[in-house]
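Colleague: Below is the structure I would like to discuss, written out as structure tokens.
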Amino acid sequence: MGIKFYALVAVVLAFAGLAGYAALEHQSKLTAQARIETVTHERDDLASKLVQAETDKAELTKQRQALDAAVVERDKRAKELENAKRKISVELDALKRTLPQADQSCLDRDLPPAILGRLLDDGPDHGNATPEDSGSRQPPPQVPQDRPRG
């Protein structure tokens with residue numbers, strides 16, 4: 001009974017070893033499959049994020065192009081405005097030369113601050129003032145006259 005017993009024990013141990021190995025192999029396959037699924041899910045997430053990033057990049061490019069076009073348009077209008085101001089200045093200078101010298105010197109002076117303030121304010125001409133506002137302004141201050149000292 002000795003050899004049969006040892007042979008039976010050897011067969012049982014071999015079977016247990018094979019069953020354990022099969023269980024470990026099955027577990028490692030499940031773990032590997034879970035890892036593959038996780039990596040696949042992460043890859044899909046990254047792919048969707050990449051697609052979103054490309055979409056965002058395209059949108060930013062479109063917005064940048066629109067902004068560049070707006071800047072070009074603004075610069076073009078500024079240049080046109082400068083040209084118009086220059087032409088008006090030339091025309092004004094030509095008109096000034098046709099006036100008498102006293103009038104020319106009057107036009108060359110700066111406006112007094114009170115008048116300049118009224119021109120720059122939103123007065124009744126601009127529709128922002130109430131009827132009460134029209135009489136509430138004080139007259140401009142008088143310019144002191146030099147008196148001869150005697």
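Colleague: Looking at Asn83, is it in a loop (DSSP other than H, G, I, E, B) and either modelled with pLDDT of 90 or more or polar (S, T, N, Q) (or both)? Before the answer, list the steps.
Modeller: Details: in a loop (DSSP other than H, G, I, E, B): no; either modelled with pLDDT of 90 or more or polar (S, T, N, Q) (or both): yes.
Judged against the criteria, Asn83 is not a match.
Colleague: Please find, among Asp56, Asp75, the residue that is charged (D, E, K, R), under 18 Å from the mean Cα position of the chain (by Cα) and surrounded by 10 or more Cβ atoms within 10 Å (Cβ to Cβ). Show your work before the answer.
Modeller: Numbers: Asp75 fails: under 18 Å from the mean Cα position of the chain (by Cα).
Result: Asp56 is the single residue among Asp56, Asp75 that is charged (D, E, K, R), under 18 Å from the mean Cα position of the chain (by Cα) and surrounded by 10 or more Cβ atoms within 10 Å (Cβ to Cβ).
Colleague: Quick one: how many residues across the range 1-52 are β-branched (Val, Ile, Thr) and more than 48 Å from the chain's Cα centre (by Cα)? Let's see the steps before the verdict.
Modeller: Within the range 1-52, the subset β-branched (Val, Ile, Thr) is 3, 9, 11-12, 31, 36, 38-40, 51.
Now narrow it down to the ones that are more than 48 Å from the chain's Cα centre (by Cα): 3, 9, 11-12, 31.
So the answer is 5.
The values are calculated or read from the model by the stated rules, or taken from the named source; none is laboratory data. Quick caveat, the model's predicted, so the values are computed rather than measured. For neighbour counting, all protein chains shown are included, and Cβ atoms are generated from backbone atoms with ideal geometry for every residue, glycine included.
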